[in-house]
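Read the structure below first, then the notes.
The values are calculated or read from the model by the stated rules, or taken from the named source; none is laboratory data. Just so we're clear, the structure is a prediction, and the values are computed from it rather than from any experiment. Please note: Cβ atoms are built from the backbone with ideal geometry, for glycine as well, and neighbour counts cover all protein chains shown. Keep in mind that these areas ignore ligands, DNA and RNA; they rest on the heavy atoms of the full protein, side chains included. Shrake-Rupley method; radii C 1.70, N 1.55, O 1.52, S 1.80 Å.
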Amino acid sequence: MKALTIGGATVDIIASVEDHNLERMTMENAYSSFLLLEEGKKVEAQSVDFYVGGGATNAAISMARRGADVACLVKVGDDVEGHKVQDQLRAENVDTRPILIDHLEPTGRAVMIASHAKNPTIFVARGSNTTLREEDIQPSLFKDRDLVYITGLSGDSADCFAKIVTLAKEAGAMVACNPGIRQLSSRSQAFYSVLDKIDMLILNERETAQLIPELSVHLKERNTVVCDQSVEVDFWPHLMKKGLESHGFSMTLPTLFDALLERGIKSFLLTDGKRGAYLADKDGIIFCPSHKAKVRGTAGAGDSFASTCVSEIAMGRSKEIAIKKAAMNAAYVVSHVDAQSGLQDNEILDQRIMDADWDGFLTFCWAD
């Protein structure tokens, strides 16, 4: 399977800090939590390490470790960090020939703190990730690609989204997209203009909620679902019971999935963090619970889940196997502080999903 990943690349600076040097505060009547550091204090870190990250590089390495012939298109600066990104990709047998060099903007950088707070705030300077231009996107990039996987495009780079999707589809590739929240809000026109050309759309809960006002405009309440295992509604997964809300609009999950499928999406993958993930298509909905892991950090968990699931399907695996392998790979990733160290090969994942307990794995069919 020949794949191309497109999107962001960063160098991640991760400081590991003792728990007593960092406080965490959770709001009583809100969903927000805050990490607190003492003002003016020099905090001793256990380590400060540098890793390669970014959606497109994480996805490319995820696919390469599982046997895909994968190339990566990102834009990096003409600097030490840009060379580090390219060296890491080459070491993982990723084709770096599509990589573009920006001689004005630096390579993207991210800074995060790893501690007892497993989901740290990340400081990001996007740099050259924002400077992809339409003239950088040539039809030759997509020749003979079985899969084109487009991760979040930052800033002005998002203006290339429609052209990338269109050229990839014209080349006959499976097109999978994991756009960021800003693409779905401030640059939504480009996203909706090519919705019918996307084979798999991948979003988390917050990103999915962003779609609800647009989908509600001409909504037809039609399809409902039936659980194939005859599980009572009280025991259905969180979002299947709760639904989603955004800007005064609310929608059940089956209705949202149905609305997206009506707009031309072939399949939709919704990730809900530690609560699991949903994969919907014309045949119904699969819910896969998350796999238990000792969490050290959440960086890259979404990238590993999405890239594993979509590439396994592109390789011809069943949806059930693909989403289980995605959950397993994500569990390995969160057991490390960085986004790539935990990514596994197919031999390990195939064995582990056979040995794992998948209690809570559910399938739903569309009701007549």
Among residues of the stretch 261-297, those that are surrounded by 20 or more Cβ atoms within 10 Å (Cβ to Cβ), out of contact with any Phe, Trp or Tyr (no Cβ under 8 Å at 6 or more places or on another chain) and under 23 Å from Ile150 (Cα atoms), counted: 2
Enumerated strands (runs of 3 or more DSSP E) restricted to the stretch 1-108, each holding at least 2 residues that are at pLDDT below 95 and not polar (S, T, N, Q): 10-17, 23-26, 33-36, 45-53
Restricting the stretch 21-41 to residues that are under 29 Å from Gly127 (Cα atoms) and of a type in the set (Gly, Ala, Ser), the residue that is most open to solvent (accessible area, probe 1.4 Å): Gly40
Residues of the stretch 234-259 that turn out to be buried (at least 18 other Cβ atoms within 10 Å of the Cβ), in contact with a helix residue (DSSP H, G or I) (Cβ under 7 Å, 6 or more places away or on another chain) and farther than 20 Å from Arg275 by Cα, as a count: 1
Failed item in (1) out of contact with any Leu (no Cβ under 9 Å at 6 or more places or on another chain); (2) among the aliphatic types (A, V, I, L, M); (3) not in a loop (DSSP other than H, G, I, E, B), with Leu270 passing the rest: (1)
Residues satisfying the stated conditions in the stretch 87-101, i.e. under 15 Å from Gly53 (Cβ atoms) and touching a strand residue (DSSP E or B) at 6+ places or on another chain (Cβ under 7 Å): Gln88, Leu89, Val94
So Asp144, is it farther than 26 Å from Ser32 by Cβ, over 20 Å from the mean Cα position of the chain (by Cα) and touching a residue at least 12 places away in the same chain (Cβ under 8 Å): yes
Helices (runs of 4 or more DSSP H) lying entirely in the stretch 277-368 (those with 3 or more residues that are in contact with a Leu (Cβ under 9 Å, 6 or more places away or on another chain)): 301-314, 319-334
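Just checking, which of Glu44, Glu18 is on the phi < 0 side of the Ramachandran plot and surrounded by 11 or more Cβ atoms within 10 Å (Cβ to Cβ)?
On inspection, the qualifying residue turns out to be Glu18.
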Pair list, Cβ < 7 Å and 6+ apart or interchain, from the stretch 170-181 residues that are within 16 Å of Lys2 (Cβ to Cβ) to residues that are charged (D, E, K, R) and outside any loop (DSSP other than H, G, I, E, B): Val175/Lys169; Val175/Lys197
Residue that is farthest from Lys325 (Cα to Cα), among those in the stretch 246-267 that are part of a strand (DSSP E or B) and in contact with an Asp or Glu (Cβ under 9 Å, 6 or more places away or on another chain): Met251
Test for Pro106: is it over 19 Å from Gly53 (Cβ atoms), without any contact (Cβ under 8 Å) to a residue 40 or more places away in the chain, surrounded by fewer than 23 Cβ atoms within 10 Å (Cβ to Cβ) and touching a helix residue (DSSP H, G or I) at 6+ places or on another chain (Cβ under 7 Å): no
